[in-house]
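The block underneath contains the structure these notes are about, expressed in structure tokens.
The values are calculated or read from the model by the stated rules, or taken from the named source; none is laboratory data. Just so it is clear, the structure is predicted and the values come from calculations on it, not from any experiment. A quick note on method: Cβ atoms are made from the backbone with ideal geometry, for glycine too, and the neighbour counts reach across all protein chains shown.
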């Protein structure tokens, strides 16, 4: 059995009519969540630099940059928009993939779909196909490559984006296998760049390369049909599990990733790693408030118990920037305790460098969470006060995980806040209405143009 060919057969043969209604409904949420955080991410410096660089190239005008609404070539639009979507680290997670699928898939689908005037149904179908590839290939390959330093958003996201774009282009089985084979050679992204602008670039490059792989394959460009598991192929290069190769084709659509286990959506704009600790810290703060005022000078020590594996992920123990703060357990807990919320504003550089935060970080004690835990991101926070009193918060399964999901309305509220803060609430409400009825949209270009409507005092030039 050739696993890559079998994956290509599944993707090329998948039809919208094959999708259960609950999959169609679930597929709209990644578009809502990803585009919301992409618009909010337009104000990040990494997004500005990426969009300015793309604009400087003077490429063919066929797809829209969300920042400034200029037009460029589809792969370049996918790169800039994908970078914006991951800039705040506020986007969804696939546990099977061990990465962020939608920031690679949605920008690629949006850019190529605009060129092709693809319908909402076609976009939904292509997204589902791409997610199946990224997540199920990720599950079959295992987590060895992640622990060795590879970032699956880049290395697996490009395979998913190639599948999504190939589906939009209507590639046949052989062409789809070529697109996936090409994408195997375009996989990149290392975890050493977490906490820098290059991490969101991983998503942008995955989206760009997915568009490129599919477009090349549609023109007859070839690749090794055994590039996934063959000798010198993707799996061996990334030190992946080879034992589950034959199981991979059997997992595609059985069940669909969107239904089981589902995606993990984020209530806080930072790495998934500290989000359980944030939940626990917010619970501890509520108990602290009952004792009187909340003041860093009152704290003797903050004990945080979190899974030991997170030490390799949350490496900034004294963060200096907001980007570093997103990968700092100490900062995220301190911000939750002192501010009572963890939103986009808490990750400003000046907020991370503030003296009350620094004071609390100096009193921080990270302890490994032992015993059986419900989630790899479970946490417990104990605030030991100088008065001798202690307040505690626990999070066995953090908010947003499949076992403790954010509601659809919560995700929509997040979208309204993200888009409304940049483009105005009228644009947020109008585009949300379109996304909620995505399966009825005749041309995805109508959605892109809806983001350009003027809204409540904003000039729409993020």
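A compact table of results
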| read-out | value |
| --- | --- |
| Flag for residue 442 being out of contact with any helix residue (DSSP H, G or I) (no Cβ under 7 Å at 6 or more places or on another chain), outside the structural domain of residue 341 (by TED's automatic domain parsing), without any contact (Cβ under 8 Å) to a residue 12 or more places away in the chain and more than 28 Å from residue 307 (Cα to Cα) | no |
| Failed item in (1) farther than 23 Å from residue 416 by Cβ; (2) surrounded by fewer than 24 Cβ atoms within 10 Å (Cβ to Cβ); (3) in contact with a helix residue (DSSP H, G or I) (Cβ under 8 Å, 6 or more places away or on another chain), with residue 68 passing the rest | (1) |
| Hits in region 115-144 - residues which are over 21 Å from residue 6 (Cα atoms), part of a helix (DSSP H, G or I) and at pLDDT below 95 | 144 |
| Residue satisfying condition, being free of Cβ contacts under 8 Å to residues at least 60 places away in the same chain and under 25 Å from residue 107 (Cα atoms), within set 371, 424 | 424 |
| Cβ-Cβ under 6 Å pairs, at least 6 apart or on other chains, region 193-207 side at negative phi and in the same structural domain as residue 41 (by TED's automatic domain parsing), far side at pLDDT 95 or above and surrounded by fewer than 23 Cβ atoms within 10 Å (Cβ to Cβ) | 197/46; 199/193; 200/46 |
| Spans of helices (runs of 4 or more DSSP H) in region 1-114 with at least 1 residues more than 28 Å from residue 262 (Cβ to Cβ) | 3-13, 45-56, 74-86 |
| Residues that are under 18 Å from residue 25 (Cβ atoms) and surrounded by fewer than 16 Cβ atoms within 10 Å (Cβ to Cβ), drawn from region 429-455 | 433, 437, 440 |
| Of all residues making up region 44-66, the number that are touching a residue at least 40 places away in the same chain (Cβ under 8 Å) and over 19 Å from the mean Cα position of the chain (by Cα) | 4 |
| Sole residue being touching a residue at least 24 places away in the same chain (Cβ under 8 Å), buried (at least 23 other Cβ atoms within 10 Å of the Cβ) and over 17 Å from the mean Cα position of the chain (by Cα), chosen from 74, 85, 80 | 74 |
| Single unsatisfied condition, residue 390 versus (1) free of Cβ contacts under 8 Å to residues at least 24 places away in the same chain; (2) within 22 Å of residue 90 (Cα to Cα) | (2) |
| Residue satisfying condition, being surrounded by 15 or more Cβ atoms within 10 Å (Cβ to Cβ) and either in contact (Cβ under 8 Å) with a residue 40 or more places away in the chain or not assigned by TED's automatic domain parsing to the domain that holds residue 297 (or both), within set 352, 419 | 419 |
| Odd one out for residue 147, checked against (1) surrounded by 23 or more Cβ atoms within 10 Å (Cβ to Cβ); (2) at pLDDT below 95 | (1) |
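Residue-wise test of (1) crowded, with 16+ Cβ neighbours inside 10 Å; (2) within 16 Å of residue 398 (Cα to Cα).
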{"site": "273", "(1), (2)": "yes, yes"}
{"site": "297", "(1), (2)": "no, no"}
{"site": "308", "(1), (2)": "no, no"}
{"site": "318", "(1), (2)": "no, no"}
{"site": "330", "(1), (2)": "yes, no"}
{"site": "346", "(1), (2)": "yes, no"}
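Residues are listed down the side, and each one gets a yes or a no for (1) buried (at least 23 other Cβ atoms within 10 Å of the Cβ); (2) more than 17 Å from residue 183 (Cα to Cα); (3) over 26 Å from the mean Cα position of the chain (by Cα):
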residue: 224; (1), (2), (3): no, no, yes
residue: 236; (1), (2), (3): no, no, no
residue: 243; (1), (2), (3): no, yes, yes
residue: 280; (1), (2), (3): yes, yes, no
